[in-house]
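Q: Structure provided below as structure tokens; questions to follow.
Throughout, read-outs are computed from the coordinates displayed, never taken from laboratory work. What you see is a predicted model; the values in this text were computed from it and never measured. Positions of Cβ are generated from backbone atoms using ideal geometry, with glycine treated the same way; all protein chains shown enter the neighbour counts.
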Amino acid sequence: MSLTLTINSAAWRSHLDDFSAEVPGLVPVAKGNGYGFGLGRLAGESARLPADALAVGTAYEVPIVRSAGWEADIVVLNPIRPNDQTALALLAQPKIITTVSRLTDLAYVAEHAPRARVIVELETSMRRHGITADEIEQVATEGLRFEGWSIHLPSHGSLAEARELAAKAVTQQPGIVWVSHLSTDDYRTLHDELNGNTRMRVGTRLWLGAPDTLRVTGTVLDVHKVRHGQRLGYHQTRSPEDGLLIIVSGGTSHGVAMSAPTTQRGLRNRLKTVAAGLLDARGRTRSPFSIGGKKRKFIEPPHMHSSMLFIAGTKTPVEVGDEIPVTVRYTTTTFDQVRFS
Ligand SMILES: *Cc1c(COP(=O)(O)O)cnc(C)c1O
């Protein structure tokens, strides 16, 4: 009785193997909800891959991947700040590599945790974290173990940008260049140009790069006949016509039907979303659950662990216990069950 992710394990693992063979110096990223799989599972899968480091998002995620059995180096991607006690406590650990993104933080770490292993992050066109290209010449890593430079590019990052920053950085201080979001071809070019002294962090394209190997389903928990005008749900709205109410596993507590912000440049794109029928005239939202190959409507917005769907008519297309397909955004979904098939 659950929201379930079923992984075709042979096909999924073969994609992971193929991808890592394409990317010399791959650093798997396991952060957040573990891209839907869970951090522990990704740590276990990473141990199968030829990777010598695993990247996590925050210091809080380190003990999770450790206890799942990851024993080699861990890179913490969120840059350290002097008030971050959890990250500071990790600096002394020999297998932790800390990201530093401001000159003041570099000086702070050098003073408080000599011999800490650090990567210095460079600002890119993302404008998220990092020292600017002009600050590179002020980078001093005496007393620290310098593990290289980090270049975090926007989606579909540009080789030219990575190349230019990397050249300037390694001239100041030679080291590994850790990048993200280059195409495989561009990354291999950079890898060759820098004599193999590169790593590429990948989460999405690795774990979620073969969507056909994954299946998400919710269990049908109940099917009720309802009459036109009958009141239903938390909000006691009226049934729009005679039909069936289908109660299914999967709701807001799993992250189902929580619309995360999307990139919608301009009115035209926003109108397209409306036109796609995400909202009907009554304001009822199309759900991500499919029955009979069709996305069905919510009778009301879901609350917590289950959802209520409506189908007009009296023919019952599903039974209690059936598993129906659900479209999810993996990075915001928590499954009850992850199953290998
Ligand atoms: C999250 C993250 C990645 C991986 O991003 P994906 O798009 O999931 O592959 C790489 N580098 C940094 C610094 C990140 O924060």
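Q: Which number gives the lysine pairs in the chain that have C-alpha atoms under 26 Å apart and are eight or more places apart or on different chains?
A: 11
Q: Let me ask something additional. What does the charge count near Asn78 come to, summing +1 for each Lys or Arg and -1 for each Asp or Glu among other residues with Cβ under 14 Å from its Cβ? Working shown, then result.
A: Details: positive: Lys31, Arg81, Arg102, Arg128, Arg201; negative: Glu61, Asp84, Asp105, Glu121.
So the environment of Asn78 carries a net charge of +1.
Q: Under 8 Å for C-alpha pairs, at least 6 residues apart: give me the relative contact order for the chain, rounded to a whole percent. The partial results should precede the final answer.
A: Details: 670 pairs, mean separation 68.6, N = 341.
20 percent.
Q: Still on this structure: How high is the relative contact order of segment 110-199, given as a whole-number percent (alpha carbon pairs under 8 Å, six or more residues apart)? Could you put the intermediate results ahead of the total?
A: Working: 138 pairs, mean separation 24.0, N = 90.
Relative contact order for segment 110-199 comes out at 27 percent.
Q: Three principal axis extents, largest first, for the C-alpha atoms of segment 285-341, in Å?
A: Here the spans come out as 35, 27, 18 Å, largest first.
Q: Using Cα pairs under 8 angstrom and six or more residues apart, how large is the relative contact order of segment 27-136, in percent?
A: Numbers: 183 pairs, mean separation 19.9, N = 110.
Result for segment 27-136 is 18 percent.
Q: I've got another one for you. Which length gain, in nm to one decimal place, applies between Ala140 and Asp242 when the Cα-Cα distance is subtracted from 0.36 nm times their residue separation?
A: Details: separation 102, 0.36 × 102 = 36.72 nm, distance 7.29 nm.
Gain on extension, Ala140 to Asp242, equals 29.4 nm.
Q: How many angstrom separate the Cα center of segment 130-171 from the Cα center of segment 174-220?
A: 19 Å
Q: Based on the mean of other beta carbon atoms within 10 Å per residue, what is the order of 291-301, 95-105, most packed first?
A: Working: 291-301: 16.5, 95-105: 19.8.
Ranked from most to least packed, the peptides come out as 95-105, 291-301.
Q: While we're here: Between Arg128 and Gln337, how high is the FRET efficiency from 1/(1 + (r/R0)^6) when r is the Cβ-Cβ distance and R₀ = 25 Å? Nearest 0.05. Write out the running numbers ahead of the final one.
A: On the way: r = 34 Å, r/R0 = 1.38.
So, using R0 = 25 Å, E works out to roughly 0.15.
Q: Let me ask something else about it. Explain nothing, just the number: dipole magnitude of the chain about its Cα centre with +1 on each Lys and Arg Cβ and -1 on each Asp and Glu Cβ, in debye rounded to the nearest 20. Spell out each step's value before the answer.
A: Numbers: 38 positive and 34 negative charges, 353 e Å.
Dipole magnitude for the chain comes out near 1700 debye.
Q: Mind checking the dipole of segment 46-129: about its Cα centre, +1 per Lys or Arg Cβ, -1 per Asp or Glu Cβ, Debye to the nearest 20? All intermediate terms of the calculation are to be shown ahead of the outcome.
A: Details: 9 positive and 9 negative charges, 11 e Å.
Dipole about the Cα centre, nearest 20: 60 debye.
Q: Across the chain, where is the longest run that never hits GluC sites (Glu not before Pro) in a DSSP loop with at most 15 other C-beta atoms within 10 Å? Can you show the working numbers first?
A: Values: sites that count: Glu71, Glu142, Glu241, Glu319.
That would be 143-240.
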